[in-house]
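Please read the structure below before turning to the comments.
The values are calculated or read from the model by the stated rules, or taken from the named source; none is laboratory data. This is a predicted model, so every value here is computed, not measured. All Cβ positions, glycine included, derive from the backbone under ideal geometry; neighbour counts span all protein chains shown. These area figures cover heavy atoms from the full protein model, side chains too; ligands, DNA and RNA do not enter into them. Shrake-Rupley method; radii C 1.70, N 1.55, O 1.52, S 1.80 Å.
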Amino acid sequence: MHVYPADLVTLINQRWESAPAAAATTEAPATTLPGKAALERLISTCYQVSMMREEDRPVTLRLILAPPTLFPADQGPPKGFHRLLFSTPRAFNEYELRRLSPAIDFERSLVGIEPHPEKGFQTWGLINSGIRWLQQERGGNKKTNLLPDAFVVHVTGPGMLTICRGLKIIATLNGGKLLDSSANVFQSKWLTKLFAPVRQGLLDTHELFRASVLYPVAKIGDEFIENLQFQLLKRIISVTRMSRHGGTFLVFPTDNPADFVKDNPHILLKYRFQNDEAIRRQQQLMIRTIRLATTVLGDINDPDKVVTWQDYVGLRHESAVYDLEEALYEQAQFVAALSSVDGAVVTCSRGPLGFGGMIVGSLDKLTEVAKASDSEGKIVTLAKIEGYGSRHRSAYHLCNALHDVIAIVVSQDGNVQLAKWRNGIVTCWDLTTQMFIGDT
């Protein structure tokens, strides 16, 4: 069944109080939602503008329902918000938003609106937020400038709306269907377990390092390495989405994937990288990050101290941290760019093995896949693959043949899907529309 603005309002009201936002940047009281009719008009306007184009470009923007008083006039990015008031408030409708959209960088700006007792909603100005709010999706170690506890709408494409309370996702509408954040596979136990051998290898390497030096070096835990692994993968996905060219990534969760050999019958790899030290850069960057954090935070009085991911995030004053962050981001940019060439990018925990991979073989043996409604893939509905494009069908076929591989398919319109053989069938998770922003 398809869901549209009127139905979405009911869901928002149900979820609003049960999903409070993270601590905000102001001490203002929590925002209350407008009445049902007003909220329906607001959502409907955003939905209508999502279907428009401005100078042949799709309209994308972020909008916040909050008074300008929540944004002090003397602040700005990267740690605050720079708000600019229009000398005269503008009307709030889809045509005004469409005309404003070229001036609004989705990643850096928001449209500010507030209710008027006689004129309905009005647009009072623009807010420059900077890009630190995206760190939970793309990775990063800097302090995020949290939005106020207010109603926020992301317009990300035709019929694609994400409703948030501050940065916390309340609901996502995509193609008339609701996407549930509980189906975020990056929060699943099975995916965490899949990468456990690699994490153990990094833990063992770190313990050897600790034993080889004379200065205090702290310990590291699974939680830290898990964040490091998934932050890099999220960055690659995010960069590919923003490029709008789409791509397929075939991820083998081990150092030396047994299923991927030179003469693999399922993947014809056009551009294969030589297996030398350079291909291990991704792994080496992780090792360097672990060593930096544990060395800086090592305590001679507490030799068994365990460094957490939040401890690492707190190292904002260390110049070496900035260098490593830039190196990891460049690695993500490099891997994402490989997907611009026709064919799949093949990676493992060491880094990219090659690109331009053609998935070969017959699709006759696979007729349907399971679409997951929860992160663990226990709640699923079956779907015929004939309704999907060739890129998706090829990925499903490969997952059906190679049970260890993870296939991530990014469409040109920004939709993201992860597929993996799970519980006796190829299972798919929809990761579209800023599904990572609300992670903690």
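How would Tyr312, Tyr322, Tyr47 rank on accessible area, largest to smallest, probe 1.4 Å?
Tyr322, Tyr47, Tyr312
Checking the cross-link pairs Lys234/Lys378; Lys193/Lys270; Lys36/Lys119 against a 28 Å limit on the alpha carbon distance flags Lys193/Lys270 as lying beyond it. Heavy-atom accessible area with a 1.4 Å probe sorts Leu178, Leu398, largest first, into Leu178, Leu398.
In this view, the solvent-accessible surface of Glu326, computed with a 1.4 Å probe and all protein chains in place, comes to about 110 Å². Take every DSSP beta bridge whose two residues both sit in the chain; close to 85 percent of them are antiparallel.
Exposure check, 1.4 Å probe, all protein chains in place: Ser238 carries approximately 0 Å² of accessible surface.
In this structure, Asp276 and Val306 have a Cβ-Cβ separation that, at R0 = 30 Å, corresponds to a calculated FRET efficiency of about 0.30.
With all protein chains in place and ligands, DNA and RNA left out, the 1.4 Å accessible area ranks Trp421, Trp190 as Trp421, Trp190, largest first.
With R₀ set to 35 Å, the beta-carbon distance separating Glu330 from Leu214 gives a calculated FRET efficiency near 0.60. Between the alpha-carbon centres of the range 217-291 and the range 58-97 there is a gap of 39 Å. Each label point was placed 7 Å from the Cα along the Cα-to-Cβ direction; for Lys193 and Ser18 their separation is 2.7 nm. Rolling a 1.4 Å probe over the protein chains gives Cys46 an accessible area of about 0 Å².
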